[in-house]
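Novice: Sharing a structure with you now.
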Amino acid sequence: MLRILIILCFAMSFTVSCYGETTSPTNMKQIDSSLVEATAPQSQKTPAYNPIIIFGSSRSDGNTLQAIKLVIKNQPVPVIDLRGLNISDYDYDSMNASDDFIPLAEKMMEHNPIILATPVYWYSMSAVMKTFIDRWTDLLSIRKDLGRRLANKDLYIITSYGSSMPKGFEDPFSQTSDYFDMHYKGCFYFYSGKDTKQARENQLSAEKFHEQIFLPK
């Protein structure tokens, strides 16, 4: 039975959805596939190691979600689907400061590591993920306090691809991580193509990535 997790975020509340169903257009969408369990009450101090996944894809139930499941297994990790949020393009005048980006950024600061999940689209990240990353510029201007809190957090990437391994795919993530004084930890590449031999390697790679995230040395 799927469990529904209620996230209370600051002054506004965001409710959880299951595979693309939200209670209202402005709610933060969170995927519940028996991977997400109830979090600790807000009164408790946020643990030092408390992963969160920010998921950006044109499909909420595609190959990238399969990759997420393969990596986190039964770990109670919140998965936030960017498709369910109102996050607009970066604006130099910050006229969009009231959309969902800042509340999500505030929520993100409660977690470590941060795991970004996106499919490979034309050798790069998805458009919705790129928009989200572009908005990190707000953390250098209108919310510098949040930008400073990214320092020393770990950053992981989960991606899916169907043909050849994309060249330079990780560069934007690793360089963004360096800019904010984060620790870039690498990427899990989930192969979704027709080569059965290559597809069988997904399980072993996911196991190693799982251990890297959840059983750090």
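Novice: Just the residues that are within 17 Å of the chain's Cα centre (by Cα) and either polar (S, T, N, Q) or within 15 Å of Leu116 (Cβ to Cβ) (or both), please, taken from the stretch 181-217. Give the steps one after another, and end with the answer.
Specialist: Pass one, the stretch 181-217, residues within 17 Å of the chain's Cα centre (by Cα): 182-190, 206, 209-210, 212-214.
Answer for the stretch 181-217, where residues must be within 17 Å of the chain's Cα centre (by Cα) and either polar (S, T, N, Q) or within 15 Å of Leu116 (Cβ to Cβ) (or both): Met182, His183, Tyr184, Lys185, Gly186, Cys187, Phe188, Tyr189, Phe190, Phe209, Gln212, Ile213.
Novice: Please work out which one of (1) surrounded by 14 or more Cβ atoms within 10 Å (Cβ to Cβ); (2) in a helix (DSSP H, G or I); (3) of a type outside the set (A, V, I, L, M, F, W, C) is the condition Thr159 fails and give its number.
Specialist: (2)
Novice: Give the stretch 97-135 a look and list any residue that's free of Cβ contacts under 8 Å to residues at least 40 places away in the same chain and part of a loop (DSSP other than H, G, I, E, B), or say none.
Specialist: Ser98, Asp99, Trp122
Novice: In addition: Confirm whether Lys130 is under 19 Å from Ile53 (Cα atoms), modelled with pLDDT of 95 or more and touching an Asp or Glu at 6+ places or on another chain (Cβ under 9 Å).
Specialist: Details: under 19 Å from Ile53 (Cα atoms): yes; modelled with pLDDT of 95 or more: yes; touching an Asp or Glu at 6+ places or on another chain (Cβ under 9 Å): no.
So Lys130 does not fit the description; no.
Novice: Filter the stretch 180-204 for residues that are in a helix (DSSP H, G or I) and touching a helix residue (DSSP H, G or I) at 6+ places or on another chain (Cβ under 9 Å); which is surrounded by the fewest Cβ atoms within 10 Å (Cβ to Cβ)? First the steps, then the outcome.
Specialist: Of the residues in the stretch 180-204, the ones in a helix (DSSP H, G or I) are 196-204.
This time we only want the ones that are touching a helix residue (DSSP H, G or I) at 6+ places or on another chain (Cβ under 9 Å), so: 202-203.
Numbers: Asn202: 19, Gln203: 10.
Restricting to residues being in a helix (DSSP H, G or I) and touching a helix residue (DSSP H, G or I) at 6+ places or on another chain (Cβ under 9 Å), the top hit is Gln203.
Novice: Of the residues Gly62, Gly84, only one is among the small types (Gly, Ala, Ser) and over 14 Å from the mean Cα position of the chain (by Cα); which? Steps first, answer last, please.
Specialist: Values: Gly84 fails: over 14 Å from the mean Cα position of the chain (by Cα).
The match here is Gly62.
Per-residue answers, yes or no, for (1) modelled with pLDDT under 95; (2) surrounded by 20 or more Cβ atoms within 10 Å (Cβ to Cβ); (3) polar (S, T, N, Q):
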position: Ile68; (1), (2), (3): no, yes, no
position: Pro76; (1), (2), (3): yes, no, no
position: Ile80; (1), (2), (3): no, yes, no
position: Arg83; (1), (2), (3): no, no, no
position: Asp89; (1), (2), (3): no, no, no
position: Met95; (1), (2), (3): no, no, no
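The values are calculated or read from the model by the stated rules, or taken from the named source; none is laboratory data. All figures in this text were calculated on a predicted structure; none of them were measured in a lab. Every residue, glycine among them, receives a Cβ derived from its backbone with ideal geometry; neighbour counts consider all protein chains shown.
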